[in-house]
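Trainee: Shown below is the structure under consideration.
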Amino acid sequence: MRLELGNILIKDVQFGSANKVENGCLYVDVASIKAVVLEDERIKEVTVDLARPGESIRITPVKDVVEPRVKVEGSGTIFPGVIGKVDTVGTGRTHVLKGAAVVTCGKILGFQEGIVDMTGPGAEYTPFSKLNNVCLIIEPIEDLTPYDYEEAVRFAGLKVGTLLGELGKNITPDELEVFETKPLIEQINQYPNLPKVGYVYMLQTQGLLHDTYVYGVDGKQIVPTIMYPTEMMDGAIISGNCVSACDKNTTYHHLNNPIIRSLYAQHGKEINFVGAIITNENVFLADKERSSNFTSKLATYLGLDGVVISQEGFGNPDTDLIMNCKKIEQSGIKTVIVTDEYAGRDGMSQSLADSDPAADAVVTGGNANEVIELPPMDKLIGSYAYVDKIAGGFDGSLANDGSIKVEIQAITGATNELGFNKLTAKTY
Amino acid sequence: MALKVIHYINQFFANVGGEEMANYAPELRKGAVGPGIGLNAAFAGEAEVVATVICGDSYFNEHTDTAVSKIINLIKDIKADIFIAGPAFNAGRYGTACGGIASEVERELNIPVVSAMYIENPGADIYKKEMYIISTKGSATGMRAALPKLAKLALKIARGEEILDPDTEGYIPRGIRKNYFADKIGAERAVEMIIKKLKKEEFKTEYPMSKFDRVEPGKAIKNMSKTRIAIVTSGGIVPIGNPDRVEASSASKYGIYNIANVLSLAENAYETAHGGYDPVYANHNPNRVVPLDVLKDLEKEGVIGSLHPYFYSTTGNGTAVKSSHEFAEEIAATLIADGVQAVILTST
């Protein structure tokens with residue numbers, strides 16, 4: 001598969017009378033966005049607001065972040081099996097409104113949605129402070145279950161992301177990137193002298209609103225499989241997650257998976273990037289055993305010399321991470337795992353819930369329990385009602401002046417386990 | 001003005017004597033003695049050892065409470081800026097004494113402390129979380145290298161300056177994880193790491209895995225009808241009111257409870273002391289955690305030989321592995337002496 005990504009650089013977002021992109025500015029027409037969101041009868045009301053980098057704005061509770069993209073050439077549409085038909089994606093050309101995002105907000109569970117500050121110390125921890133955000137605050141109809149509410153918010157974000165992505169279809173991109181992975185034997189033969197490296201992509205699938213979808217199928221129900229890395233760039237994997245904000249992969253993360261990008265950056269230089277193996281993080285032991293057996297089997301089947309394994313979430317999935325690592329190492333394949341830590345507010349506890357000597361190469365996104373003080377912002381998009389209850393928050397987190405003392409766990413994307421950020425930790 | 005330093009050393013480094021003088025009681029001498037002279041040189045006038053405490057290693061370890069109170073009394077009026085203990089290198093009792101006294105001095109007198117020893121000294125393991133311990137060689141041949149580092153760190157601590165990472169300062173990592181922003185994103189670091197690992201080049205993991213003490217389960221028991229069984233739990237089941245005050249979290253003790261004449265753990269007689277899980281179901285029926293009712297039935301039916309008339313209970317909630325290890329050693333020794341052949345361990 002060969003995919004061209006055409007980046008249209010977005011430097012500003014403004015309300016307008018029609019949706020359009022002009023001179024690097026995304027104009028959004030509130031009425032048309034509302035119309036799309038309110039097609040879903042489970043949604044009572046939606047408020048559209050804008051947040052730009054550097055503005056004194058706090059967005060919470062944040063559920064998902066979606067990057068507007070559109071297929072220009074090649075089969076399928078963005079978010080296949082969810083928004084469009086379930087055609088295979090990952091080839092041809094895709095245009096991206098780079099620098100823009102749709103941020104969905106809703107108090108689905110109250111304690112598993114995050115905070116995005118557009119300025120101040122909190123902004124340094126979230127990549128979404130650097131984007132021009134179109135925020136959707138979505139109110140459900142009465143008595144809607146959290147499961148239906150989650151789905152409604154998920155679809156709203158993807159639909160608006162697609163609507164805005166379409167605006168880039170006929171625009172000449174500011175920059176063009178090309179990614180290519182050939183069919184297996186051809187790919188191996190392309191760089192016969194370089195080590196064959198793959199990517200084991202663990203998806204959060206603990207269930208009960210800890211879900212991820214692959215071409216529209218619930219990730220709990222898959223057995224691990226092989227994918228071309230470019231498929232993720234066209235939205236083959238989307239987030240349906242309401243877990244701790246810091247280390248859940250939003251749809252934006254899946255579209256821009258930095259491990260895939262970094263492996264491509266070394267493709268043909270230091271390594272031969274052969275492909276990706278996706279796997280899940282189910283809660284039953286038999287599922288964990290089966291899935292980790294599959295990842296090591298597929299890694300062997302692909303003839304890999306090394307893999308990078310990324311985790312999503314923490315605690316229970318630590319066991320999946322260690323099982324994957326251990327079994328793949330036992331197959332004689334070198335591993336690096338990417339995770340984050342829950343070492344306590346004082347940093348003195350054991351960071352992971354599982355451990356094995358095979359995991360001798362670890363990259364960490366930092367200690368999620370570290371406490372941060374977020375100063376008051378001039379404007380709030382969303383609601384403060386849940387800050388004390390948010391994962392990473394505690395009774396008294398929210399002060400009267402609007403400042404918040406929380407664990408960085410509450411900040412969307414803060415300790416991302418796809419290695420999206422520079423944040424890490426070391427032992428003192 | 002030079003900062004005031006109190007230095008703690010053992011009988012050997014004070015030239016009092018070797019093992020035969022290990023029972024030497026605490027003594028305070030003015031000025032520097034032994035390694036303290038080297039410390040003074042390293043301070044280059046910025047600090048000065050004003051007094052030296054000398055104590056035999058056996059004395060300290062065998063009469064810790066007495067030793068601590070004597071030493072505190074000896075030094076409490078000095079108003080030192082920092083208390084330095086060691087270097088102890090790999091001398092185990094010296095290391096635990098250095099850590100032990102430094103810990104008490106900091107707590108009682110509110111004076112900052114620092115020590116130095118070899119990473120495998122048991123004192124390092126016990127006290128590295130509480131204090132900075134400069135990493136030294138295993139023997140006194142490392143004195144020359146250790147003293148300047150110890151002096152430098154002591155000055156920084158005494159002045160309240162920021163203490164940098166273990167590699168920079170030379171102390172034994174205390175196991176405290178701290179966040180910082182690296183130069184590159186995690187994904188790039190991961191790809192660089194896999195490339196190095198594949199090339200068999202040196203790489204540095206960002207999180208050294210904790211070593212879990214994996215215990216092989218015992219062999220299956222063939223004939224249960226002849227076996228004496230005991231119950232040990234980390235689920236915190238105790239008689240109502242928690243008479244032994246087993247802590248809800250980070251337990252420092254365990255309780256032993258007689259169940260010879262108890263057929264089932266009743267709701268109003270037992271409860272959980274554990275602070276790490278929802279106690280409703282355990283308190284409603286404590287047999288859920290300590291399955292006494294079923295075991296008594298099995299005993300009566302002859303399925304098991306007999307049930308040991310005591311159960312052992314602690315809370316596994318945030319309890320240090322070291323404490324658990326100590327509890328287990330004591331409990332196992334008692335159970336073996338009591339003729340118990342198998343133990344059911346329940347957790348929550």
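The values are calculated or read from the model by the stated rules, or taken from the named source; none is laboratory data. Because the structure is predicted, anything quoted here is derived from the model rather than measured. Positions of Cβ are generated from backbone atoms using ideal geometry, with glycine treated the same way; all protein chains shown enter the neighbour counts.
Trainee: Picking from B:182, B:220, B:187, B:158, which residue would you name as being surrounded by 15 or more Cβ atoms within 10 Å (Cβ to Cβ) and either at positive phi or more than 7 Å from chain A (Cβ to nearest Cβ) (or both)? Show your work before the answer.
Mentor: On the way: B:182 fails: either at positive phi or more than 7 Å from chain A (Cβ to nearest Cβ) (or both); B:220 fails: surrounded by 15 or more Cβ atoms within 10 Å (Cβ to Cβ); B:187 fails: either at positive phi or more than 7 Å from chain A (Cβ to nearest Cβ) (or both).
Step by step, each of B:182, B:220, B:187, B:158 is checked, and only B:158 is surrounded by 15 or more Cβ atoms within 10 Å (Cβ to Cβ) and either at positive phi or more than 7 Å from chain A (Cβ to nearest Cβ) (or both).
Trainee: Report yes if residue B:105 is modelled with pLDDT of 95 or more and out of contact with any Phe, Trp or Tyr (no Cβ under 7 Å at 6 or more places or on another chain), otherwise no.
Mentor: Spelling it out, it is not the case that residue B:105 is modelled with pLDDT of 95 or more and out of contact with any Phe, Trp or Tyr (no Cβ under 7 Å at 6 or more places or on another chain).
Trainee: Does the stretch B:133-148 include one or more residues that are under 23 Å from residue B:47 (Cα atoms), charged (D, E, K, R), in contact with a helix residue (DSSP H, G or I) (Cβ under 8 Å, 6 or more places away or on another chain) and within 11 Å of chain A (Cβ to nearest Cβ)?
Mentor: no
Trainee: Could you grab the pairs with beta carbons closer than 6 Å, sequence gap of 6+ or different chains, first residue in the stretch A:243-262 and more than 13 Å from chain B (Cβ to nearest Cβ), second one in a loop (DSSP other than H, G, I, E, B)?
Mentor: A:243/A:112; A:243/A:313; A:245/A:412; A:252/A:67; A:255/A:67
Residues are listed down the side, and each one gets a yes or a no for (1) modelled with pLDDT of 90 or more; (2) within 25 Å of the chain's Cα centre (by Cα); (3) of a type in the set (Lys, Arg):
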{"site": "A:336", "(1), (2), (3)": "yes, yes, no"}
{"site": "A:340", "(1), (2), (3)": "yes, yes, no"}
{"site": "A:343", "(1), (2), (3)": "no, yes, no"}
{"site": "A:351", "(1), (2), (3)": "no, yes, no"}
{"site": "A:361", "(1), (2), (3)": "yes, yes, no"}
{"site": "A:366", "(1), (2), (3)": "yes, yes, no"}
{"site": "A:373", "(1), (2), (3)": "yes, yes, no"}
{"site": "A:388", "(1), (2), (3)": "no, yes, no"}
{"site": "A:397", "(1), (2), (3)": "no, no, no"}
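Trainee: Considering the stretch A:14-48 alone, what residues qualify as being out of contact with any Phe, Trp or Tyr (no Cβ under 6 Å at 6 or more places or on another chain) and under 18 Å from residue A:173 (Cβ atoms)?
Mentor: Scanning the stretch A:14-48 gives A:21, A:22, A:23, A:24, A:25, A:26.
Trainee: Report whether or not residue B:204 is within 14 Å of another protein chain (Cβ to nearest Cβ) and modelled with pLDDT of 95 or more.
Mentor: Values: within 14 Å of another protein chain (Cβ to nearest Cβ): yes; modelled with pLDDT of 95 or more: yes.
In short, yes.
Trainee: For the subset of the stretch A:285-322 comprising residues that are among the aliphatic types (A, V, I, L, M) and more than 14 Å from chain B (Cβ to nearest Cβ), which member is surrounded by the most Cβ atoms within 10 Å (Cβ to Cβ)?
Mentor: Among those that are among the aliphatic types (A, V, I, L, M) and more than 14 Å from chain B (Cβ to nearest Cβ), it is A:298.
Trainee: Can you pull out the strands (runs of 3 or more DSSP E) entirely within the stretch B:185-293 that have at least 2 residues that are not hydrophobic (A, V, I, L, M, F, W, C)?
Mentor: Once the strands (runs of 3 or more DSSP E) in the stretch B:185-293 are filtered for at least 2 residues that are not hydrophobic (A, V, I, L, M, F, W, C), what remains is B:228-233, B:255-258, B:270-272.
Trainee: Next question. Which numbered condition in (1) at pLDDT 95 or above; (2) surrounded by fewer than 19 Cβ atoms within 10 Å (Cβ to Cβ); (3) more than 30 Å from residue B:125 (Cβ to Cβ) is the only one that residue B:295 fails?
Mentor: Here residue B:295 meets the rest and fails (2).
Trainee: Now a separate question. If a residue has to be under 17 Å from residue A:163 (Cα atoms) and surrounded by 17 or more Cβ atoms within 10 Å (Cβ to Cβ) to count, how many in the stretch A:37-60 make the cut? Walk me through it before giving the result.
Mentor: Residues of the stretch A:37-60 under 17 Å from residue A:163 (Cα atoms): A:37-40, A:46-50.
Now narrow it down to the ones that are surrounded by 17 or more Cβ atoms within 10 Å (Cβ to Cβ): A:37, A:40, A:46, A:48-50.
Of the residues in the stretch A:37-60, 6 are under 17 Å from residue A:163 (Cα atoms) and surrounded by 17 or more Cβ atoms within 10 Å (Cβ to Cβ).
Trainee: Please work out which one of (1) at pLDDT 95 or above; (2) more than 14 Å from every other protein chain (Cβ to nearest Cβ); (3) crowded, with 17+ Cβ neighbours inside 10 Å is the condition residue B:90 fails and give its number.
Mentor: (1)
Trainee: Hey, another quick one. Write out, first by first residue and then by second, each pair whose Cβ atoms fall under 7 Å of each other, whose residues are 6+ apart or on separate chains, and whose first residue, in the stretch A:348-377, is more than 7 Å from every other protein chain (Cβ to nearest Cβ) while the second is among the basic types (Lys, Arg) and in a loop (DSSP other than H, G, I, E, B).
Mentor: A:369/A:345; A:371/A:345
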